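Encoded as C-alpha coordinates, the structure appears first; notes follow it.
The values are calculated or read from the model by the stated rules, or taken from the named source; none is laboratory data. Since the model is a prediction, treat every value here as computed from it, not as a measurement. Every residue, glycine among them, receives a Cβ derived from its backbone with ideal geometry; neighbour counts consider all protein chains shown. Ligands, DNA and RNA are excluded from the accessible area calculation, which covers all protein heavy atoms including side chains. Shrake-Rupley method; radii C 1.70, N 1.55, O 1.52, S 1.80 Å.
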Amino acid sequence: MTFVDAGPVGAFRITPSILAADFGVLAQEVKTIESESDWLHVDVMDGHFVPNISFGPPVITSLRKYSTKFFDCHLMIQEPSQYFEALKKAGADSCTVHYEVGKTAEHIKNARALGLRIGVSVNPDTPFEKMEPFLGDIDLILIMSVFPGFGGQSFISEVLPKVERARKLIDENNLQCDLQIDGGIDLTTAPIAARAGANVLVAGNAIFAKDDPLQAAKDIRAAGLAAR
Ligand code: DX5
Ligand code: ZN
(Lines give C-alpha, C1' and ligand atoms only; values in the text may rest on other atoms or scores of the structure.)
(Ligands and ions follow the chains in the order given, each with its own letter.)
Protein backbone atom coordinates (compact mmCIF):
# COMPACT_ATOMS: atom_id res chain seq x y z
CA MET A 1 0.00 0.00 0.00
CA THR A 2 1.48 3.32 -0.98
CA PHE A 3 0.58 6.33 1.08
CA VAL A 4 -1.26 9.38 -0.10
CA ASP A 5 0.60 12.63 0.49
CA ALA A 6 -0.97 14.77 3.20
CA GLY A 7 0.04 18.03 1.52
CA PRO A 8 1.87 20.94 3.17
CA VAL A 9 1.68 21.15 6.97
CA GLY A 10 -0.41 24.08 8.16
CA ALA A 11 -2.42 24.53 4.95
CA PHE A 12 -6.12 25.22 5.39
CA ARG A 13 -8.10 22.01 4.86
CA ILE A 14 -11.60 20.63 4.92
CA THR A 15 -11.87 16.97 5.89
CA PRO A 16 -15.45 15.71 5.54
CA SER A 17 -16.40 13.10 8.10
CA ILE A 18 -17.87 10.08 6.35
CA LEU A 19 -19.67 9.16 9.57
CA ALA A 20 -22.48 11.42 8.35
CA ALA A 21 -22.58 9.86 4.87
CA ASP A 22 -25.07 7.26 3.65
CA PHE A 23 -23.04 4.06 4.10
CA GLY A 24 -25.25 2.26 1.60
CA VAL A 25 -23.79 4.43 -1.16
CA LEU A 26 -20.56 5.47 0.51
CA ALA A 27 -18.38 5.51 -2.61
CA GLN A 28 -20.92 7.73 -4.36
CA GLU A 29 -21.15 10.09 -1.37
CA VAL A 30 -17.39 10.50 -1.28
CA LYS A 31 -17.28 11.09 -5.04
CA THR A 32 -19.88 13.86 -4.78
CA ILE A 33 -17.70 15.96 -2.49
CA GLU A 34 -14.35 14.90 -3.93
CA SER A 35 -13.35 18.27 -5.36
CA GLU A 36 -13.97 19.99 -2.01
CA SER A 37 -12.37 17.41 0.30
CA ASP A 38 -8.70 17.86 1.00
CA TRP A 39 -8.65 14.77 3.21
CA LEU A 40 -11.35 12.31 4.23
CA HIS A 41 -12.06 12.00 7.94
CA VAL A 42 -12.67 8.37 8.82
CA ASP A 43 -14.21 7.82 12.28
CA VAL A 44 -13.48 4.40 13.72
CA MET A 45 -15.39 3.59 16.94
CA ASP A 46 -15.19 0.48 19.09
CA GLY A 47 -18.24 0.71 21.35
CA HIS A 48 -15.85 0.76 24.28
CA PHE A 49 -13.90 4.01 24.33
CA VAL A 50 -17.05 5.66 23.00
CA PRO A 51 -20.65 4.46 23.35
CA ASN A 52 -21.08 3.83 19.63
CA ILE A 53 -19.78 1.49 16.93
CA SER A 54 -19.07 2.74 13.42
CA PHE A 55 -16.88 0.61 11.12
CA GLY A 56 -13.39 -0.75 10.84
CA PRO A 57 -10.76 -1.93 8.37
CA PRO A 58 -13.09 -3.84 5.97
CA VAL A 59 -15.07 -0.69 5.16
CA ILE A 60 -11.85 1.31 4.74
CA THR A 61 -10.52 -1.37 2.38
CA SER A 62 -13.67 -1.06 0.26
CA LEU A 63 -13.62 2.72 0.22
CA ARG A 64 -9.95 2.73 -0.77
CA LYS A 65 -10.92 1.25 -4.12
CA TYR A 66 -13.01 4.33 -4.86
CA SER A 67 -10.93 7.16 -3.42
CA THR A 68 -7.37 8.42 -3.75
CA LYS A 69 -7.82 10.94 -0.93
CA PHE A 70 -5.68 11.08 2.19
CA PHE A 71 -7.49 8.96 4.79
CA ASP A 72 -7.35 10.81 8.09
CA CYS A 73 -8.47 8.09 10.52
CA HIS A 74 -9.78 9.17 13.90
CA LEU A 75 -9.52 6.18 16.21
CA MET A 76 -12.05 6.33 19.01
CA ILE A 77 -10.87 2.98 20.25
CA GLN A 78 -9.35 1.76 23.48
CA GLU A 79 -6.41 -0.20 22.01
CA PRO A 80 -5.37 1.63 18.84
CA SER A 81 -1.97 -0.05 18.46
CA GLN A 82 -3.67 -3.42 18.02
CA TYR A 83 -5.28 -2.17 14.83
CA PHE A 84 -2.57 -0.03 13.20
CA GLU A 85 -1.38 -2.79 10.95
CA ALA A 86 -4.85 -3.73 9.74
CA LEU A 87 -5.74 -0.08 9.25
CA LYS A 88 -2.58 0.56 7.28
CA LYS A 89 -3.28 -2.45 5.09
CA ALA A 90 -6.83 -1.21 4.55
CA GLY A 91 -5.54 2.14 3.29
CA ALA A 92 -5.23 4.45 6.30
CA ASP A 93 -2.67 7.24 5.82
CA SER A 94 -2.88 8.76 9.26
CA CYS A 95 -4.16 7.51 12.60
CA THR A 96 -5.22 9.82 15.41
CA VAL A 97 -5.37 8.24 18.86
CA HIS A 98 -6.99 9.64 21.96
CA TYR A 99 -4.82 10.81 24.83
CA GLU A 100 -7.47 9.40 27.20
CA VAL A 101 -6.77 5.78 26.23
CA GLY A 102 -3.25 6.03 27.67
CA LYS A 103 0.12 4.71 26.44
CA THR A 104 0.41 7.69 24.10
CA ALA A 105 4.19 7.40 23.58
CA GLU A 106 3.80 3.73 22.73
CA HIS A 107 1.07 4.39 20.17
CA ILE A 108 3.16 7.11 18.53
CA LYS A 109 6.12 4.74 18.26
CA ASN A 110 4.02 1.88 16.90
CA ALA A 111 2.32 4.02 14.27
CA ARG A 112 5.64 5.48 13.14
CA ALA A 113 7.18 2.02 12.86
CA LEU A 114 4.54 1.22 10.26
CA GLY A 115 5.07 4.48 8.41
CA LEU A 116 1.70 5.90 9.40
CA ARG A 117 1.27 9.57 10.20
CA ILE A 118 0.15 10.02 13.78
CA GLY A 119 -2.16 12.42 15.56
CA VAL A 120 -3.21 12.76 19.18
CA SER A 121 -6.61 13.98 20.31
CA VAL A 122 -8.03 15.41 23.51
CA ASN A 123 -11.66 15.27 24.57
CA PRO A 124 -13.41 18.52 25.56
CA ASP A 125 -12.78 17.88 29.26
CA THR A 126 -9.12 16.86 28.96
CA PRO A 127 -6.68 19.73 29.55
CA PHE A 128 -4.48 20.44 26.53
CA GLU A 129 -1.39 20.45 28.79
CA LYS A 130 -1.71 16.67 29.03
CA MET A 131 -0.69 16.22 25.43
CA GLU A 132 1.95 18.94 25.31
CA PRO A 133 4.87 16.54 26.01
CA PHE A 134 4.10 14.77 22.72
CA LEU A 135 3.82 17.75 20.41
CA GLY A 136 7.31 17.42 18.94
CA ASP A 137 6.63 13.81 17.96
CA ILE A 138 3.28 14.02 16.19
CA ASP A 139 1.87 15.20 12.86
CA LEU A 140 -1.54 16.31 14.04
CA ILE A 141 -3.22 17.73 17.11
CA LEU A 142 -6.97 17.05 17.24
CA ILE A 143 -9.01 19.19 19.61
CA MET A 144 -12.46 17.64 20.05
CA SER A 145 -15.22 20.24 20.11
CA VAL A 146 -17.85 17.64 21.06
CA PHE A 147 -17.64 14.50 23.17
CA PRO A 148 -16.70 11.81 20.67
CA GLY A 149 -19.11 9.08 19.66
CA PHE A 150 -21.78 10.76 17.59
CA GLY A 151 -22.13 13.21 14.74
CA GLY A 152 -24.56 16.09 14.75
CA GLN A 153 -23.78 17.47 18.21
CA SER A 154 -23.37 21.15 19.10
CA PHE A 155 -19.98 22.82 19.09
CA ILE A 156 -18.53 23.31 22.59
CA SER A 157 -16.94 26.76 22.41
CA GLU A 158 -15.16 26.29 25.75
CA VAL A 159 -12.49 24.32 23.87
CA LEU A 160 -11.37 27.38 21.87
CA PRO A 161 -8.63 28.42 24.34
CA LYS A 162 -7.07 24.99 23.73
CA VAL A 163 -7.00 25.68 20.00
CA GLU A 164 -5.42 29.07 20.62
CA ARG A 165 -2.80 27.57 22.92
CA ALA A 166 -2.00 24.79 20.44
CA ARG A 167 -1.60 27.30 17.59
CA LYS A 168 0.69 29.45 19.73
CA LEU A 169 2.92 26.47 20.59
CA ILE A 170 3.03 25.28 16.96
CA ASP A 171 4.02 28.73 15.70
CA GLU A 172 6.47 29.61 18.48
CA ASN A 173 8.29 26.29 18.24
CA ASN A 174 7.93 25.90 14.49
CA LEU A 175 6.32 22.49 14.97
CA GLN A 176 5.54 20.48 11.84
CA CYS A 177 2.07 19.77 13.06
CA ASP A 178 -1.45 20.31 11.75
CA LEU A 179 -4.16 21.56 14.09
CA GLN A 180 -7.53 19.91 13.59
CA ILE A 181 -10.89 20.53 15.19
CA ASP A 182 -13.77 18.05 15.12
CA GLY A 183 -17.39 18.29 16.18
CA GLY A 184 -20.18 20.71 15.36
CA ILE A 185 -18.29 22.50 12.60
CA ASP A 186 -20.67 24.37 10.30
CA LEU A 187 -20.96 27.74 8.58
CA THR A 188 -21.13 29.55 11.92
CA THR A 189 -18.43 27.69 13.82
CA ALA A 190 -15.91 27.17 10.98
CA PRO A 191 -14.81 30.83 11.07
CA ILE A 192 -14.58 30.76 14.87
CA ALA A 193 -12.39 27.66 14.82
CA ALA A 194 -10.22 29.00 11.99
CA ARG A 195 -9.76 32.31 13.78
CA ALA A 196 -8.63 30.47 16.90
CA GLY A 197 -5.94 28.77 14.81
CA ALA A 198 -7.31 25.47 13.55
CA ASN A 199 -6.12 24.73 10.00
CA VAL A 200 -7.94 21.42 9.47
CA LEU A 201 -11.71 21.46 9.88
CA VAL A 202 -13.71 18.24 10.15
CA ALA A 203 -17.35 18.51 9.14
CA GLY A 204 -19.87 15.70 8.99
CA ASN A 205 -23.52 16.67 9.16
CA ALA A 206 -22.88 20.21 7.91
CA ILE A 207 -21.83 18.60 4.62
CA PHE A 208 -23.47 15.21 4.14
CA ALA A 209 -26.83 16.04 5.68
CA LYS A 210 -27.33 18.95 3.28
CA ASP A 211 -29.25 18.77 0.00
CA ASP A 212 -26.15 19.92 -1.86
CA PRO A 213 -23.14 18.51 0.02
CA LEU A 214 -20.61 19.85 -2.48
CA GLN A 215 -21.92 23.39 -2.16
CA ALA A 216 -22.06 23.01 1.63
CA ALA A 217 -18.39 22.00 1.71
CA LYS A 218 -17.52 24.94 -0.56
CA ASP A 219 -19.34 27.34 1.72
CA ILE A 220 -17.62 26.00 4.85
CA ARG A 221 -14.24 26.33 3.15
CA ALA A 222 -14.97 29.90 2.13
CA ALA A 223 -16.22 30.81 5.61
CA GLY A 224 -13.15 29.28 7.26
CA LEU A 225 -10.69 30.82 4.84
CA ALA A 226 -12.21 34.28 5.19
CA ALA A 227 -11.65 34.16 8.94
CA ARG A 228 -7.93 33.44 8.77
C1 DX5 B 1 -17.60 12.47 16.56
C2 DX5 B 1 -16.72 12.28 15.35
C3 DX5 B 1 -16.83 13.38 14.39
C4 DX5 B 1 -18.20 13.52 13.79
C5 DX5 B 1 -18.39 14.95 13.45
O6 DX5 B 1 -17.31 11.51 17.46
O7 DX5 B 1 -15.37 12.20 15.74
O8 DX5 B 1 -15.85 13.30 13.38
O9 DX5 B 1 -18.38 12.75 12.64
O10 DX5 B 1 -19.68 15.13 13.04
P11 DX5 B 1 -20.38 16.56 12.97
O12 DX5 B 1 -19.54 17.39 12.05
O13 DX5 B 1 -21.71 16.24 12.45
O14 DX5 B 1 -20.38 17.12 14.36
ZN1 ZN C 1 -13.84 12.42 14.16
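Being away from ligand 2 (no atom under 16 Å from the Cβ), at pLDDT 95 or above, open to solvent by less than 20 Å² (accessible area, probe 1.4 Å) and not acidic (Asp, Glu) is a property that does not hold for Gly183.
Among the residues of region 88-97, those that are out of contact with any helix residue (DSSP H, G or I) (no Cβ under 6 Å at 6 or more places or on another chain) and either open to solvent by less than 10 Å² (accessible area, probe 1.4 Å) or of a type in the set (S, T, N, Q) (or both) comprise Ala92, Asp93, Ser94, Thr96. Filter region 188-204 for residues that are assigned to a loop (DSSP other than H, G, I, E, B) and within 16 Å of ligand 1 (Cβ to nearest atom); which is most open to solvent (accessible area, probe 1.4 Å)? Among them, the one singled out is Thr188. Annotation: of all residues in region 139-182 being basic (Lys, Arg) and under 13 Å from Ala193 (Cα atoms), the one that is farthest from the chain's Cα centre (by Cα) is Arg165. Output the residues belonging to region 98-151 that are within 15 Å of ligand 2 (Cβ to nearest atom), in contact with a Leu (Cβ under 9 Å, 6 or more places away or on another chain) and of a type outside the set (Ser, Thr, Tyr). His98, Val101, Gly119, Val120, Val122, Leu140, Ile141, Leu142, Ile143, Phe150, Gly151, listed by residue number. Checking Lys162, Lys218, Lys168 one by one, the residue that is in contact with a Phe, Trp or Tyr (Cβ under 9 Å, 6 or more places away or on another chain) and basic (Lys, Arg) is Lys162 and no other. Taken over region 38-59, the criterion of being open to solvent by less than 50 Å² (accessible area, probe 1.4 Å), touching a Phe, Trp or Tyr at 6+ places or on another chain (Cβ under 8 Å) and more than 14 Å from ligand 2 (Cβ to nearest atom) is satisfied by Gly56, Pro57.
Looking at Val9, Val101, Val4, which is the one that is surrounded by 14 or more Cβ atoms within 10 Å (Cβ to Cβ) and modelled with pLDDT under 95? Going through Val9, Val101, Val4 in turn, the sole match is Val4.
Scanning region 17-37 for residues that are out of contact with any Phe, Trp or Tyr (no Cβ under 7 Å at 6 or more places or on another chain) and buried (at least 21 other Cβ atoms within 10 Å of the Cβ) returns Ser17, Ile18, Leu19, Ile33, Ser37. For region 165-187, a residue qualifies if it is within 14 Å of His41 (Cβ to Cβ) and either of a type outside the set (A, V, I, L, M) or in a loop (DSSP other than H, G, I, E, B) (or both), and the qualifying residues are Asp178, Gln180, Asp182, Gly183, Gly184, Ile185.
Out of the residues in region 148-169 meeting the condition of being in contact (Cβ under 8 Å) with a residue 40 or more places away in the chain and not charged (D, E, K, R), tell me which one is most open to solvent (accessible area, probe 1.4 Å). Looking at residues that are in contact (Cβ under 8 Å) with a residue 40 or more places away in the chain and not charged (D, E, K, R), I get Phe150. Within region 170-226, can you find the residues that are free of Cβ contacts under 8 Å to residues at least 60 places away in the same chain and among the charged types (D, E, K, R)? Those that are free of Cβ contacts under 8 Å to residues at least 60 places away in the same chain and among the charged types (D, E, K, R): Asp171, Glu172, Asp186, Arg195, Lys210, Asp211, Asp212, Asp219. Checking each residue in region 208-228 for being under 24 Å from Arg167 (Cβ atoms) and open to solvent by less than 80 Å² (accessible area, probe 1.4 Å) picks out Ala217, Asp219, Ile220, Arg221, Ala222, Ala223, Gly224, Ala227.
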